[in-house]
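Worksheet: one structure, shown below.
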Amino acid sequence: MTIDRRKFLTRSGVGIAATAAGALGSGLLPRTSDADATGASSDGGYGGPGGGVPDGPSLRAIPFHGDHQAGVLNAAQSNATFAAFDVTATSRAGLAELMRTLTSRARFLTAGGVPSNLAVSEPPSDSGTLGPVIPPDGLSITVGVGETLFDDRFGLASQRPAHLTTMEAFPNDDLDPDWCGGDLILQICAGEADAVAHAIRDIARHTRGAMALRWKMNGLISPARPDGKSRNFLGFKDGIANPSVQDPAVARRLLWAADDGQEPAWTAGGTYHVCRLIRTYVEFWDRVSLNEQQGMFGRFRDTGIVLGDTSPNAVPDYKRDPHGKTIPLTAHIRLANPRTPATEESRIYRRGYNYDLGVDLNGNLNVGLVFNCFQQNIKRQFDATQKRLLNEALSDYIAPFGGGYFFTLPGVQHSKDWYLRRLLA
Ligand code: HEM
């Protein structure tokens, strides 16, 4: 078949859809690995949640099958991309086919293996960017759906997750529609940036005609310096205080979709993902005194320890500091988590990445945070936290400009299962 290259490169190059669907399953031959093991996602050999330094150039495979998708509970890998797509499939059957293709690619890519060998007269089955054998490199592909998937296109309106809405614009936001929303989001994480880039390219190729990229932001986590959690571009350790969602009882309360009669049954095992693209104005930040910077967060910059304390494990005691003499009342950590019984249920599980978009039109560094948090109920948790943060001192140095609210799908449980099967089969 001759492909019109110009047409192929347009968003509506649907002619290729059949080729993509036909290629399903013929790409990567799975290698025998523990990626086929069933059971909930494990930490994939990374140490603890929310940090730590991966141990080598190619990490081992993270099990693909389980009640929950990988990419939430396992410690954040060093590199990531957040890619939002518009679904261009026009029927429910087309959406189901897209989900099967997506599942199949994610299953193969996370396991790693040898791409199939096509005739040299054919386009190669794989981009080749990782060489002849694809390493698993701790790859996780986490699929979420946006509220717009539940409009009238696929007859899914009655099955919308109970707390899934369009992302609200908060007073300090400067949202750019080109960087917002999406019917689907893929959070792709791996040890190395090339493994992430390879995966998104493979998926985009195999799903062309059924979904189109809307926005994409690469993320990175720096090595821990000198230890503990890694730092954001404002120089502070990030990801220190997080609810212990490794404990299933905590996860049931704060993380996984509730079994409360409000959520459609298919959502069991899923969670809500808030992704916010937040620019940090580092040139302004660098002109602020260290005292003031530390007061804005409520922690020491060098160590990450809470102000007024010396122990790395110290937990702030705001009752003993009612007027904010030690940790200012406007400090980020104090407003984000006041640690009162009333705010206990609004805690969120954060899994952030730094981003670097180069230079803006004024010659300033265009860098920031891909803020991600996972939770059971966006209104009760992220929204409540964000509203407490509205007047924080930090807000002069940051600008949220994109992202969205998504529902991270339940895990793919076995080799015949696929994303959204419970809803679409
Ligand atoms: C560019 C934007 C942001 C930066 C640079 C930032 C940075 C930080 C830092 C350095 C900490 C202290 C270390 C830690 O516990 O991880 C922290 C804590 C925290 N942040 Fe943020 N953050 C940002 C945005 C947000 C947003 C949008 C939210 C939620 C709406 C949020 C919620 C929290 C929470 C809940 C904590 C933990 C507080 C505690 O339990 O003590 N952050 N953040």
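The values are calculated or read from the model by the stated rules, or taken from the named source; none is laboratory data. Quick caveat: nothing in here was measured; it's all calculated off a predicted structure. Ideal geometry is used to build each Cβ from the backbone, glycine not excepted, and the neighbour counts take in all protein chains shown. The protein model used for the area step is the full one, side chains on, heavy atoms only, and it has no ligands, DNA or RNA in it. Shrake-Rupley method; radii C 1.70, N 1.55, O 1.52, S 1.80 Å.
Taken over region 127-153, the residue count meeting the criterion of being surrounded by fewer than 24 Cβ atoms within 10 Å (Cβ to Cβ) and part of a loop (DSSP other than H, G, I, E, B) is 11.
Across region 243-270, the qualifying residues are those that are within 16 Å of the ligand (Cβ to nearest atom) and buried (at least 18 other Cβ atoms within 10 Å of the Cβ), and the one among them that is farthest from Pro316 (Cα to Cα) is Leu255. For region 263-287, name all the residues that are among the hydrophobic types (A, V, I, L, M, F, W, C) and assigned to a loop (DSSP other than H, G, I, E, B). Within region 263-287, Ala268 is the sole residue that qualifies.
Restricted to region 344-371, and to residues there that are more than 10 Å from the ligand (Cβ to nearest atom) and under 29 Å from Arg160 (Cα atoms), the residue that is farthest from the chain's Cα centre (by Cα) is Glu344.
Kindly indicate the residue of region 273-304 that is within 10 Å of the ligand (Cβ to nearest atom) and hydrophobic (A, V, I, L, M, F, W, C) and also nearest to the chain's Cα centre (by Cα) among those meeting that condition. Looking at the filtered set, the residue picked out is Val274. Scanning region 198-221 for residues that are of a type outside the set (Val, Ile, Thr) and within 13 Å of the ligand (Cβ to nearest atom) yields one hit, Gly219. In the set (1) open to solvent by 30 Å² or more (accessible area, probe 1.4 Å); (2) at pLDDT below 95, Asp178 fails one condition alone, (2).
If you go through region 71-109 and keep only what is under 16 Å from the mean Cα position of the chain (by Cα) and among the hydroxyl-bearing types (Ser, Thr, Tyr), you end up with Ser78, Thr81. Just to be sure before I move on: is Lys416 of a type in the set (Lys, Arg) and assigned to a loop (DSSP other than H, G, I, E, B) in the structure I sent? The answer is yes for Lys416.
The set of residues in region 126-144 that are out of contact with any Lys or Arg (no Cβ under 9 Å at 6 or more places or on another chain) and within 23 Å of Phe374 (Cα to Cα) comprises Leu139, Ser140, Thr142, Val143, Gly144. Note on region 390-401: among residues that are buried (at least 16 other Cβ atoms within 10 Å of the Cβ) and aliphatic (A, V, I, L, M), the one that is nearest to the ligand (Cβ to nearest atom) is Ile398. Taking (1) open to solvent by less than 10 Å² (accessible area, probe 1.4 Å); (2) aliphatic (A, V, I, L, M); (3) outside any helix (DSSP H, G or I) in turn, Ala162 satisfies each apart from (1). For beta carbons closer than 6 Å, sequence separation of 6+ or different chains, a first residue in region 98-114 that is on the phi > 0 side of the Ramachandran plot and a second that is open to solvent by 20 Å² or more (accessible area, probe 1.4 Å) and at pLDDT below 95, the qualifying pairs are Gly112/Arg31; Gly113/Leu29; Gly113/Pro30; Gly113/Arg31.
Considering Gln381, Gln386, the condition of being touching a Ser or Thr at 6+ places or on another chain (Cβ under 6 Å) and either touching a residue at least 40 places away in the same chain (Cβ under 8 Å) or within 13 Å of the ligand (Cβ to nearest atom) (or both) is satisfied by Gln381 alone.
Pairing each residue of region 259-282 that is hydrophobic (A, V, I, L, M, F, W, C) with any residue that is in a strand (DSSP E or B) and more than 16 Å from the ligand (Cβ to nearest atom), provided the two are 6+ apart or on different chains, yields C-beta distances under 8 Å for Trp266/Pro410; Ala268/Trp256; Ala268/Pro410; Cys275/Ile185; Cys275/Gln187. If the condition is being within 17 Å of Val245 (Cβ to Cβ), touching a residue at least 60 places away in the same chain (Cβ under 8 Å), among the aliphatic types (A, V, I, L, M) and open to solvent by less than 10 Å² (accessible area, probe 1.4 Å), then region 59-75 contributes Ile62, Val72. Selection of region 87-114 for residues being under 24 Å from Ala212 (Cα atoms) and either basic (Lys, Arg) or not in a helix (DSSP H, G or I) (or both) yields Val87, Thr88, Ala89, Thr90, Ser91, Arg92, Arg100, Arg105, Arg107.
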